[in-house]
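Below is one structure, written out as structure tokens; the observations come after it.
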Amino acid sequence: MIDPQSVQEVLNITQVEDVIGEYVHLKNRGINMIGLCPFHNEKTPSFTVSPSKNIYKCFGCGQAGGGVQFLMEHEGMSFPDAIRHLAKKYGIELVETKSENYDESAQLARDSFYLLNDFAKDLFITNLKESAEGKRIGLSYFKERGFRENTIDKFELGFAVKQRDFLTKTALDKGYKEESLKKLGLTSQKDYDFFRDRVMFPIHNLSGKVIAFGGRTLSSDKKIPKYINSPETEIYKKSNSLYGIYQAKSEIRRQDECLLVEGYTDVISLSQAGIEHVIASSGTSLTEGQIRLINRFTPNITILYDGDPAGMKAALRGIDLILEQDMNASVVLLPTGEDPDSFVKANGSTGLTTYINEHKKDFIFFKIDLLLEEAGNDPIKKTGVIKNIVQSISFIPDSLKRALYIRECGQLLNLSEDVLVEETNKSIRSRLNLEKKRGNFQRRDENEAIRPKPKRYDDQTPTNKTEVGDDYQERDILRILLNGGNTFYDEDNKTTVADYLIANIKDLIDSFSNELYKSIILEAVEQIEEHKTLPASYFVNHEIKAVRHACIDLMQEQYTYAEWDKQGLFLQTQKEPALNFVKDSKQAILRFKERKLRKNMKEIHDRLIDPTIDEEMKTLLISAQIKYKMTLMEIHKELGTVVPVKL
């Protein structure tokens, strides 16, 4: 168990933008940062990170939290593991009252799979560096490929020995379960090692955990498959994984470009040569999940493939998926007989970079050139080419970008823009009608391909509904308390806004109509009375999701002020809204009391018109009604409003 003080130390030092920045490409927008949400598919960024408040919120799917919650939701970590991960990141030594050993009964849990894969990875590395077989076969192969020792260490390359069940027996001796070994594909159903006599390439997720393996045989036997890979498991989905993404993500973000190749050794060779923004699709055509993964870090993809016919066809696969994600895709085909590995060894990183810059071609125009060359002078084939190109253009969601492509393609194909526009719209309508029939899509724009409805993270996530009446006033008080509670209310710096709010509503909290807001404000009062302040991290890291989401909703605004506002054009006569908590707190309290008074007066009015009421009670109610009216008039005077007090 981790000591509570250690947990709080981690929470206090964690910067949400540092944590999320390792997974999502963030751009500055005013005082906040934005990016594409990693929890649902979107093309327009709605994922907002607030460094000043240390929170994130997606205004598309509603997901929200702090750095710890992000790791828990995105990486599937438990709360203790997220704390340990952040403690390691920030160099904090945790105090644990009890060591937590590997739990064999939790064999199906994600953490146990990560531990077992990590064990296998370490064993493969030991085989490579210490066993005679590994040095003679595996290490020799890597050195022949020109891989330096630091490169081998960086990608954690290893070797699986030829012995039938070496890994299986070693793992069982260490206490790992046979069932887990089989689920991960490390042990076959016939109880022998799945990977034998192969050099090993661990596949990592974004946080650096090993989720699967690829193994390459060095045998010349044609009956033996050259590469074999781990099966899909609870922690590994091939369509959502990319080789090298963990090592490349920072450089991809810095370069604002992703270089995509086919194989493991291509990634390793280019990375060693200093071209580090490179990843591989592991020999498969790109999937939607892989494209979305890249799009978290950059919208720019350059696909680097072999110059043979197979390489050309591979470059075409997935083009529509890339365009549909509103990404900028280019293709570079290497000279015939060359692959990225061989080319960079022969020409160096400078030679490859120069070649890429000189031969990079936009995906659409690459496709036009390739298909027209295949069609020759055959008019029927040319018609098919035009339809193929038009279909790809129709996937582009940005109408302006689509129009520019149509203009350029019209010139290249010697066709009228009107004809291409008509054909593009036909393609869009056809797909729209088809997807309507599937029943799970919604229209975004009549000239735009329809897109999947964003899936809510879970049914307990609060919605951003418009609130009226008492709920609105109660919400506003809570908003001010969370955002400006620690602001000093008076010039002597003795009373905070929180002190003022609590003093004025403490006796009225029981009259809150919204039970969630009532529970939050009661908890806030307890925290303030105990600690004299309300730490921002308290509700951001709350264990109850409904509470956490409600508070983050109140702390994070979807819209920010335009840059010209900051030049003082609208702030000449008042403070910036975010700095106006003292005035807001006065207004909120007065309006809250006004609503409660009106509610009480309505109840008295309803009782007075009851014919069964006795005279004594009637006199008492009229007296209370007059007192309420006088109080209400005083409130209106303080608010500066002239409102007739009627029932």
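Please treat every number below as a calculation from the coordinates, not as lab data. Everything numeric here is computed off the predicted structure, so don't read it as measured data. So basically every Cβ, Gly included, is an ideal-geometry build from the backbone, and we count neighbours across all protein chains shown.
I'd like the FRET efficiency for Ser399 and Asn28, computed as 1/(1 + (r/R0)^6) with the beta carbon distance as r and R0 of 22 Å, rounded to 0.05.
The computed FRET efficiency comes out at 0.25.
Can you compute the modelled spin-label distance between Tyr472 and Asp118, with each label point 7 Å from Cα toward Cβ, in nm?
Here the modelled spin labels are 5.2 nm apart.
Place the peptides 80-92, 113-125 in order of packing, highest mean first, counting for every residue the other Cβ atoms within 10 Å and averaging per peptide.
Top of the packing list down: 113-125, 80-92.
With r defined as the distance between the Cβ atoms of Asp418 and Thr383 and R0 fixed at 22 Å, what FRET efficiency is calculated, to the nearest 0.05?
Once rounded, the FRET efficiency stands at 0.80.
How would you rank 7-15, 321-329, 344-352, highest first, on the average number of other Cβ atoms within 10 Å across their residues?
The packing order, highest mean first, is 321-329, 7-15, 344-352.
Please list, in order, the residues from the range 187-207 whose amide nitrogen is less than 15 Å from a point placed 7 Å along the Cα→Cβ vector of Arg136.
197-198
Each label point is 7 Å from the Cα along the Cα-to-Cβ direction; what then is the distance between the points at Glu526 and Glu374, in nm?
It works out to 6.7 nm between the two label points.
Shape call for the range 174-296 from the C-alpha gyration tensor, a ≥ b ≥ c root eigenvalues: rounded (a/c under 1.5), prolate (a/b greater than b/c) or oblate?
prolate
Rounded if a/c is under 1.5, else prolate if a/b beats b/c, else oblate: with a ≥ b ≥ c from the C-alpha gyration tensor eigenvalues square-rooted, which is the range 191-249?
Note, shape of the range 191-249 comes out prolate.
Apply the a/c threshold of 1.5 to the C-alpha gyration tensor of the range 239-353 and tell me whether it is rounded, prolate or oblate.
The shape class here is oblate.
Reachable aspartates and glutamates from Lys143, Cα under 19 Å, same-chain residues fewer than 8 places away excluded?
Glu130, Glu133, Asp153, Glu156, Asp197, Asp266, Asp339, Asp341
With the cut-off at 18 Å, tell me which of the pairs Lys545/Lys593; Lys53/Lys583; Lys209/Lys238; Lys602/Lys627; Lys169/Lys190; Lys135/Lys177 have Cα atoms farther apart than that.
Violating the 18 Å Cα-Cα cut-off are Lys545/Lys593; Lys53/Lys583; Lys135/Lys177.
In nm, to one decimal, how far is the modelled label at Ile622 from the one at Thr353, with both set 7 Å along Cα→Cβ?
Distance between the two pseudo-spin positions: 9.2 nm.
Tell me, what is the FRET efficiency for Asn328 and Ser250 to the nearest 0.05, using R0 = 30 angstrom and their Cβ-Cβ distance as r?
My answer for the efficiency is 0.90.
So who's got an amide H within less than 5 Å of the one on Tyr192, skipping anything under 5 residues away but keeping other chains? H placed 1.01 Å off N, in plane.
For Tyr192, no residues qualify.
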